[in-house]
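A short worksheet on the structure shown next.
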Amino acid sequence: MSITIYGPQGYKNFIHRAESRLKVGSNLNIQQVPNGIIAVDEEDIHSFGVFDSHGKFIKQSLMTHGNGQCLPKHWRGKKMQNFDIDVVYLGNLNESEFGHFMLEQLSRAFPMLLDKYKNTTALFIGKPPIPNFATQLIDLLNIEKMMVLDESAQFKNVFVPAQAFRLDRFSSQEMRDTYRCIADSVSEGYGFDKIYLSRAALTYRKTLGEEKIQNIFAKNGYHIVYPEKLSVKEQIAYVKNAKFLAGIGGTALHWALCMPSGGTVIQIKRNKLLKDNFENQYLINKTKGLNSVFISGSLEIQKTKHCTEPPQIIGVTPYMKQFFDENGFVYDSSDLEFDAEAWNDYRRTLDDYIQQNGSLRYAKIKSLFIRIVACIIPYRQPRRHFRAWLQKVL
């Protein structure tokens, strides 16, 4: 399994530093909590947690990164339902983006693949409506019994699996097995060896200039796929037999979890700040035994984060041209020409953003101010919610 980087030396150094601390493990713990309580705050579905019969919080139930949760405060002493069944705790369903659901919410699902837990009820915290993408992925796991809980309850046993994937930190063979099951549940796979997953059909956070790049990939045998136009099952059908998976860094490339081992994932970096989603994509690739290629493709004037509101633009940078040349890509001179139309769209969109929100330098100062002020709030989960509230009111 190799890693190849086409980018400035600073980006290469960033990747090599991050790579050394990213681990893939196995044999994850499943903690049994007899007479366990799953507490849910009546006023806030995002405040929940698993407790033992004495009210002690089960630390393994805490989501360690990303969407996370706040712990409920007002559940003790209140009457709650008692179910004489065993449940496997899988976390929360609501207000989760697709990528976070793939990597975090489903990271506790691996016990449902084991014979010991096949007849045990899988339990999520949430309220209707359940996101459609979540329903589709849960169906592909062939879970026989499922429960969605929106109020505190006690159970015969609560089984709390460790997280099989922790953002920016850790993955596991259990995560690999979960997505092997999902991919195997899609019986029909399309016969394309090379797939390019495009963001060009997005209406939100679309990356400008992508069409020109994907056209070069198309000339070299890559089938262009627009994930937003397809069901979850159709997206998996495209990637489950692919040997090469390419696209801009983002959720779509997380479908590498459904690829066969030995393939290659080609990720185009869409922002100029060093930090992007390298850690998570590399963990996915490492988990699946895939080769990794990272290409610096951003042309933006203002350096942005990986996920950001300001516009982003990519193009044929010297690093991308190097990738094309070293990998035998065929292209015309017109393919390398500057995309004036995309650039004009970028400048116009950036000017509109600055007019409405102020300069990106102001946004950076605002972000730093919010982080400093939020330090007065104890504990990570309440602090995260306080930062989100400040972001809205300032």
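Brief remarks on what is shown
- You will find that of 262, 209, the residue that is over 18 Å from the mean Cα position of the chain (by Cα), open to solvent by 10 Å² or more (accessible area, probe 1.4 Å) and of a type outside the set (Asp, Glu) is 262 and no other.
- Selection status of residue 200, within 24 Å of residue 100 (Cβ to Cβ), in a loop (DSSP other than H, G, I, E, B) and of a type outside the set (Asp, Glu): yes
- Any hit, the stretch 374-382, residues being modelled with pLDDT under 70 and open to solvent by less than 60 Å² (accessible area, probe 1.4 Å): yes
- In the stretch 112-159, residue surrounded by the fewest Cβ atoms within 10 Å (Cβ to Cβ) [restricted to those that are of a type in the set (S, T, N, Q) and in contact (Cβ under 8 Å) with a residue 24 or more places away in the chain]: 119
- Within the stretch 103-155, the residues that satisfy the criterion of being in contact with a strand residue (DSSP E or B) (Cβ under 8 Å, 6 or more places away or on another chain), of a type in the set (Val, Ile, Thr) and within 25 Å of residue 180 (Cβ to Cβ) are 120, 121, 130, 138, 143.
Each row is one residue, and each column tells you yes or no for (1) charged (D, E, K, R); (2) assigned to a helix (DSSP H, G or I); (3) open to solvent by 50 Å² or more (accessible area, probe 1.4 Å).
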position	(1), (2), (3)
218	no, yes, no
257	no, yes, no
267	no, no, no
300	yes, no, no
304	no, no, no
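- Residue tally, condition buried (at least 23 other Cβ atoms within 10 Å of the Cβ), under 19 Å from residue 177 (Cα atoms) and either touching an Asp or Glu at 6+ places or on another chain (Cβ under 9 Å) or at pLDDT below 95 (or both), over the stretch 222-254: 1
- Of the criteria (1) on the phi > 0 side of the Ramachandran plot; (2) not in a loop (DSSP other than H, G, I, E, B), which one residue 328 fails: (2)
- Residue within the stretch 338-355 that is part of a loop (DSSP other than H, G, I, E, B) and open to solvent by less than 30 Å² (accessible area, probe 1.4 Å) present: no
- Apart from one condition, residue 313 fits all of (1) over 17 Å from residue 209 (Cα atoms); (2) among the β-branched types (Val, Ile, Thr); (3) open to solvent by less than 10 Å² (accessible area, probe 1.4 Å); the exception is (1).
- Scanning the stretch 1-59 for residues that are of a type in the set (Asp, Glu) and either touching a helix residue (DSSP H, G or I) at 6+ places or on another chain (Cβ under 6 Å) or under 30 Å from residue 297 (Cα atoms) (or both) yields one hit, 19.
- All positions within the stretch 269-281 that are among the charged types (D, E, K, R), crowded, with 21+ Cβ neighbours inside 10 Å and in a loop (DSSP other than H, G, I, E, B): 270, 276
The values are calculated or read from the model by the stated rules, or taken from the named source; none is laboratory data. A quick note: this is a predicted structure, and the numbers were derived from the prediction, not measured. With ideal geometry, Cβ positions are generated from the backbone for all residues, glycine too; neighbour counts draw on all protein chains shown. Heavy atoms of the whole protein, side chains included, go into the accessibility calculation; ligands, DNA and RNA do not. Shrake-Rupley method; radii C 1.70, N 1.55, O 1.52, S 1.80 Å.
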